[in-house]
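Quick note: the coordinates plus some simple rules give every number you see, no bench work behind them. Being a predicted model, the structure only gives us computed values, none of them experimental. Cβ placement follows ideal geometry from the backbone for every residue including glycine, while neighbour counts extend to all protein chains displayed.
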Amino acid sequence: MTGVGEQPVLRVRNLVKSYGDAPVLRGVDLDVDEHRVVTLIGASGSGKSTLLRCVDLLEQVDDGQVWLDGQDVTDPRVDADAVRRRIGVVFQAYNLFPHLSVLDNITLAPRRVHGVDRAEAEERAMALLDRIGLAGRARAYPDQLSGGQAQRTAIVRALAVQPRLLLLDEVTSALDPELVGEVLALVREVAEGGMTILMATHEMGFARSAADVVCFLEGGVLLEQGPPEQVLVDPQHERTQQFLRRVVAAGRL
Amino acid sequence: MSAPAREGVVVPPVSEVERGRRSYRRSRQRRSTWVAVVSTLVFAAVLVVGTTSAPGWERTQQSFLDPAAAQRSLLPVLSGLWLNVRVLLVAAVCVFALGLVVALLRTLRGPVWAPVRLLAAAYTDVFRGVPLLVLLYIIGFGVPGLRLQGVPTDPVVLGTTAIVLTYGAYVAEVFRAGLESVHPSQRAAARALGLTHRQTVRLVVLPQAVRNVTPPLLNDLVALQKDVGLISVLGAVDAIRQAQIQSAVTANFTPYVVAAVLFVLLAVPMARLADWATARARRRQQAGGLL
Ligand SMILES: Nc1ncnc2c1ncn2[C@@H]1O[C@H](COP(=O)(O)OP(=O)(O)OP(=O)(O)O)[C@@H](O)[C@H]1O
Ligand SMILES: [Mg+2]
């Protein structure tokens, strides 16, 4: 996607979403360019997860539009399943299927949704598992994994369908600090491999070193966005400064 | 369709695109409704034409759908149905209590309780296995035959007892499945808070279990409702027995059809309630979302 008509992988304009009478997103504009890592930061309840769910069409938006590779995916005529096939998602709570082994969790979508045959799907899955050092646990069940292993498996599961865009929702916040490192290392590796990523995170250190763009979400609005050295080091907006002061006080930067 | 006032709370002017999307969704909705109506009408027409064009339709209509016989039998059958309703209410309460107690007995821990656990298990195995009709005969005719002092001989009481014993065994298994469906981590969390085994079951496990099994329980209630008609085999004068009597009087099968229609009318609200409870349980667990 280079050249004159270069367009972002993901484009969000004036996105509005409320639950009942409570507005959660109040007109969000956001672009994610190809091969870029965009992180969403903001206080708990600021709408990060909601934004990601709207992008993956897990929620119906109340207003505004979302384009994936130039296609308006909020158009009700669009086949939502086809859109979700192009997006990989990793949830905070892993959401691995407890009745399937690690290998079957990873090969489920390639085989059943994308029609890859079993041998090929398993070979690719094993290669991915090998990269994250879990090849030996391929036959284990999710409940037998550590949190970090489970989350890395969930990331590999999302990658197994070779998505255009990877959405990560606080993939480390259910983990022990010592496990956070291994998951973030995997995300960093995936990003360096050229994947386009939109991630919500509380890991400011990671946002600072791995993100191309940091977006600060507050009260359902993107208050500030820019390169990490600007937003995280020299924020223009007072609310951003406040938020970062609290984060620093909590020892997370 | 949500009121415009509510949407106004968010961002007063709704964009052109969103208005387009809403009108498109509305038109899809209207189309779906039309398709449903038309396909239902076509289906009903096929059914009616198919039945009425059968060679024996005239005779069948005379013996099963005779308006005069229907009118004559309606009141007696209705009065019989009142007995069914009362039996149903009593049986439903007893089944619920019996099923719950048996299920809980099976969860008791410790060697002291082994015989109780065994007895509870034997009960569910036996009474789920015995056909209800056979059990009705055994209890309905066998128990009075003992000529014991103080044991009831009323066919209604005996019939209800047989039904409660059978359904209690089924419902006990439903409850047990519900208790086991509560994730072990919930028990762990409760015990970690210092709750005893009993408190854990009563305050944490049981409420979740009951919520999980409400839909299958309501399904059993619908089944129970028509099976209470079986007490007629013991001579209790319920709706089915009345239909039998009226059928003999009028020399026509229409009273049975009347009874069937009344049972269906009784079952419909129950079935809707079951659907509603199922839908509500699902909504509660996966708050929001399109999936
Ligand atoms: N299904 C729902 N029904 C009603 N309200 C909801 C629902 N999901 C989220 N909310 C509300 O929307 C707001 C934003 O939630 P969201 O999960 O997007 O926050 P977040 O930024 O991801 O927070 P966190 O950092 O804690 O994950 C919250 O106030 C939340 O209570
Ligand atoms: Mg969240």
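Observations, loosely collected:
- Region A:166-181 and region B:117-132 have Cα centres lying 50 Å from one another.
- Structure-based [θ]222 nm, chain A - -39500 (n - 2.57) summed over DSSP H runs of at least 4, per residue, nearest 500: -10500 deg cm²/dmol
- Candidates B:Ala162, B:Ala121, B:Ala45: whichever shows maximal mean-square fluctuation once chain B is modelled as a Gaussian network with Cα springs under 10 Å: B:Ala45
- In chain B, the DSSP-assigned H stretches of four residues or longer account for a calculated mean residue ellipticity at 222 nm of -25500 deg cm²/dmol, using -39500 (n - 2.57) per stretch and the full residue count as denominator.
- Computed from phi, the 3J(HN,Hα) profile of region B:139-154 under the Karplus parametrisation 6.51, -1.76, 1.60 (θ = phi - 60°) reads 6, x, 10, x, 5, x, x, 6, 6, 7, 5, x, 8, x, 10, 5 Hz, with x in place of Gly and Pro.
- For the protein assembly as shown, the ratio of Cα radius of gyration to the globular rule of thumb 2.2 N^0.38 Å stands at 1.33.
- Virtual spin-label span in nm between B:Val35 and A:Ala140, 7 Å along Cα→Cβ: 4.7
- Selected from B:Thr52, B:Thr166, A:Val248, residue furthest toward positive end of dipole (the protein assembly as shown; charges at beta carbon): B:Thr166
- When you restrict to C-alpha pairs under 8 Å that are six or more residues apart and normalise by the size of chain B, the relative contact order lands at 27 percent.
- Residue exposure sequence - B:Thr60, B:Thr250 - by fewest surrounding Cβ within 10 Å: B:Thr60, B:Thr250
- Among B:Tyr24, B:Tyr256, B:Tyr167, the largest mean-square fluctuation in a Gaussian network model of chain B, built with springs joining Cα atoms closer than 10 Å, belongs to B:Tyr24.
- From the Kirkwood radius over Cα pairs of region A:64-188, Stokes-Einstein at 10 °C and 1.306 mPa s returns a whole-number translational diffusion coefficient of 104 µm²/s.
- Each of B:Ser27, B:Ser73 has some number of other Cβ atoms within 10 Å of its Cβ, and from fewest to most they run B:Ser27, B:Ser73.
- Solvent-free Debye scattering, log10 I(q)/I(0), computed from the Cα coordinates of region B:1-153 at q = 0.10, 0.13, 0.16, 0.20 Å⁻¹: -0.90, -0.95, -1.08, -1.33
- Each other residue within a Cβ distance under 12 Å of B:Ala121 adds +1 if Lys or Arg and -1 if Asp or Glu, for a net charge of +2.
- Equivalent ellipsoid semi-axes - Cα gyration tensor, region B:87-236, angstrom: 33, 17, 11
- Anisotropy class of region A:1-117 from Cα gyration tensor, a/c 1.5 cut: oblate
- Cα gyration tensor category, rounded, prolate or oblate, for region B:69-163 with a/c compared to 1.5: prolate
- Ranked from largest, the principal axis spans of the Cα set of chain B equal 82, 70, 31 Å.
- Furthest towards positive pole of dipole, A:Pro110, A:Leu128, A:Val156, structure part region A:97-163, Cβ charges: A:Val156
- Label separation (A:Asp75 vs B:Arg109): 6.0 nm, computed from points 7 Å beyond Cα along the C-beta direction.
- Taking the Cα centre of region A:97-163 as reference, the dipole from Cβ charges on Lys and Arg (+1) and Asp and Glu (-1) amounts to some 120 debye.
- Descending Cα extents along the principal axes, chain A, whole Å: 53, 46, 42
- Which of B:Phe141, B:His197, B:Leu217, positive extreme of dipole for region B:87-236 (C-beta unit charges): B:His197
- Between A:Glu6 and B:Val261, the modelled labels are 7.6 nm apart [label points 7 Å from Cα along Cα→Cβ].
- Between the alpha-carbon centres of region B:225-246 and region A:182-253 there is a gap of 73 Å.
- Taking every alpha-carbon pair under 8 Å whose residues sit at least 6 apart, region B:87-236 reaches a relative contact order of 33 percent.
- Look at B:Val42, B:Val14, B:Val201, B:Val85 and count the other Cβ atoms within 10 Å of each Cβ; fewest to most, that gives B:Val42, B:Val85, B:Val14, B:Val201.
- Given chain A, longest segment not containing exposed loop trypsin sites (Lys or Arg not before Pro) (DSSP; at most 13 other Cβ within 10 Å): A:140-251
- Assigned charges on the beta-carbon of Lys, Arg, Asp, Glu; chain A dipole about Cα centre (debye): 420
- Computed log₁₀ I(q)/I(0) - Debye formula, equal Cα scatterers, no solvent, region A:97-163, q 0.18, 0.26, 0.28 Å⁻¹: -0.55, -1.16, -1.33
- Our compactness index for region A:142-195, the C-alpha radius of gyration over the empirical 2.2 N^0.38 Å, is 1.10.
- Size of charge dipole - the protein assembly as shown - debye, nearest 20, with Cβ of Lys, Arg +1 and Asp, Glu -1, no other charges: 1840
- Using every pair of separate Cα atoms, the Kirkwood estimate puts the hydrodynamic radius of region A:42-105 at 13.7 angstrom.
- Remark: mean inter-chain Cβ contacts per residue of A:9-22 equal 2, using a 10 Å Cβ-Cβ cutoff to other protein chain atoms.
- On Cα atoms only, tilt of A:147-159 relative to the major axis of chain A in degrees: 90
- Sum of side-chain charges, B:Val87 neighbourhood, beta-carbon under 11 Å (Lys, Arg +1; Asp, Glu -1): -1
- For B:Leu266, the shell of other residues with beta-carbons less than 15 Å away shows a net charge of +1, using +1 for Lys and Arg and -1 for Asp and Glu.
- Take every pair of alpha-carbon atoms less than 8 Å apart whose residues are at least six positions apart; their mean separation over the length of chain A yields a relative contact order of 25 percent.
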